[in-house]
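K.L.:
Below is the structure I would like to discuss, written out as structure tokens.
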Amino acid sequence: LQGPRCSPLPHPAAHAHRINMVKTKSNSQRVVRGGVKAKSAGKQDKSAGKANAKIETPDSPNPTLTPSRGSKRAAGAALAPRDAGVEKTPTKLPGTPKPTVLPAFKTASNVVYAPYQGDNGKLREVFKDVFVVEGLFNMAPFMHIKRTMTVLRHGGELCLINTVRLDAASEAALEKLGKIKVVMRLTGGHGLDDPYYVDKYSATLVAGPGAEWNAKHGIAPLQTQVSLRALASGGQKAAAAVFGKIQGVFEFETIGKHAATLGAAGKDKQSGEYAVLVTNGSNGTVLVTADAVQNYEMSSKDESISDLTESWLMGPITWAMGFSGRTMVAPLFINMSSPDKTIKGLQPDFERLLKLEWSHLIPGHGFLALNVAKEDLLKHLRGKSRLGPDFLLLQAGADC
């Protein structure tokens, strides 16, 4: 499993994390999640305002590249230039975020969409024309998790994947990047903020079959204009026709069939699970996922997206549920998505995914995984309690 080695911009806010476990492996520091206090969205520095540009880019046209876990890099990898005048994220007091009241966006039919969830980080340019931003999702009082929106730019237009509603300053920064043209929903468990972006910016909705939205917010189901399943079967040309920076769409077919079976039985309504392959030149293809593959262990500070944290209560809960470790498939996801509720039931999907060429991971939750994300996923799946050490062993040299 070999792929190009490339690192994104060094993240200026990563020092704000307080980590309770650090271990050294292969001559590099690996930082494990946990022990970080939650921030307070209710005590933001209002003086930052528009002066606090909510986009982070590399420090210079030729930044120093940090090796990932001891591996050597090719010098001069193409990264986006950085605006030297960008300010760092202001330090915020620890505590539990309080929802920030923003003007509600209403359609002509007077529908009010899901509210802003209380806080978000800065837009950060990870690779050229590939941006990420973290926001929150409030599951219950004092219980919130992080989620990540990926923004692709091509020809002055934007594609939003795993949408997250932003504060006013961040939304203005997003609009300056380009025209929001496409909204892409990769799984049935996401999409809370899709209607907001689709209606406000007249964007094209790309989703799986049977996509549903949360009715408690008064949101009428939106009509899917482009099918992810059609893009997955149509190959690179079909995907690029929807948005030029998309190299391909991957469908977890076993999950889709299982979801359809549950839906037919009236037990569940899901739209399957998808991933997107993003063109990244010689720096290695980027895989964008929703829930199927996540990452909760950093190999370098570059993999931190922002200084947002989970609430003090949700951190231990999600860790106990198995949301921990490097480039992994969460037990809860397996239980909800696999026909036999084990990772073996999803083996055909992961065999296909690992035979594709990709190097970096941007998950819907957790840290980035850079350079060797594909190798890390294979290592995870070869665990004795998962698919075993012989998984894809014979094909590794030729296909992986």
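The values are calculated or read from the model by the stated rules, or taken from the named source; none is laboratory data. Because the structure is predicted, anything quoted here is derived from the model rather than measured. Cβ placement follows ideal geometry from the backbone for every residue including glycine, while neighbour counts extend to all protein chains displayed. These accessible areas exclude ligands, DNA and RNA; they are computed on the full protein's heavy atoms, side chains included. Shrake-Rupley method; radii C 1.70, N 1.55, O 1.52, S 1.80 Å.
K.L.:
Looking only at region 139-164, which residues are farther than 19 Å from residue 283 by Cβ and without any contact (Cβ under 8 Å) to a residue 40 or more places away in the chain?
P.N.:
140, 141, 149, 156, 158, 163
K.L.:
Going through region 320-343 one residue at a time, which ones are surrounded by fewer than 18 Cβ atoms within 10 Å (Cβ to Cβ), within 16 Å of residue 258 (Cβ to Cβ) and out of contact with any helix residue (DSSP H, G or I) (no Cβ under 7 Å at 6 or more places or on another chain)?
P.N.:
Those that are surrounded by fewer than 18 Cβ atoms within 10 Å (Cβ to Cβ), within 16 Å of residue 258 (Cβ to Cβ) and out of contact with any helix residue (DSSP H, G or I) (no Cβ under 7 Å at 6 or more places or on another chain): 332, 335, 340.
K.L.:
Hey, another quick one. What's the total number of residues in region 337-355 that are assigned to a loop (DSSP other than H, G, I, E, B) and within 17 Å of residue 327 (Cα to Cα)? Don't jump to the end; show me each part of the working.
P.N.:
Within region 337-355, the subset assigned to a loop (DSSP other than H, G, I, E, B) is 338-342, 355.
Now drop any that are not within 17 Å of residue 327 (Cα to Cα), which leaves 355.
Going through region 337-355 one residue at a time, the tally reaches 1.
K.L.:
A follow-up question, please. Of the residues in region 350-371, how many are open to solvent by 10 Å² or more (accessible area, probe 1.4 Å) and either among the charged types (D, E, K, R) or touching a His at 6+ places or on another chain (Cβ under 9 Å) (or both)?
P.N.:
Total satisfying the criteria: 4.
K.L.:
Scanning region 88-132 for residues that are open to solvent by 50 Å² or more (accessible area, probe 1.4 Å) and within 30 Å of residue 285 (Cα to Cα), which turns out modelled with the highest pLDDT?
P.N.:
Per the stated criteria, the residue is 128.
K.L.:
Looking only at residues that are within 29 Å of residue 304 (Cα to Cα) and among the polar types (S, T, N, Q) in region 323-346, which one is nearest to the chain's Cα centre (by Cα)?
P.N.:
327
K.L.:
Please enumerate the residues belonging to region 235-252 that are surrounded by fewer than 16 Cβ atoms within 10 Å (Cβ to Cβ) and over 15 Å from residue 155 (Cα atoms).
P.N.:
Within region 235-252, 235, 236, 237 qualify.
K.L.:
What's the number of the condition residue 358 fails, among (1) part of a loop (DSSP other than H, G, I, E, B); (2) aromatic (Phe, Trp, Tyr); (3) without any contact (Cβ under 8 Å) to a residue 40 or more places away in the chain?
P.N.:
Only one criterion is unmet by residue 358, namely (3).
K.L.:
Inside region 133-209, counting only strands (runs of 3 or more DSSP E) that do not spill past its ends, which hold 3 or more residues that are touching an Asp or Glu at 6+ places or on another chain (Cβ under 8 Å) and either aliphatic (A, V, I, L, M) or open to solvent by 30 Å² or more (accessible area, probe 1.4 Å) (or both)?
P.N.:
Per the criteria, 143-154, 179-184.
K.L.:
Got a number for residues in region 336-369 being in contact with a Gly (Cβ under 6 Å, 6 or more places away or on another chain) and at positive phi?
P.N.:
Residues that pass the stated criteria total 0.
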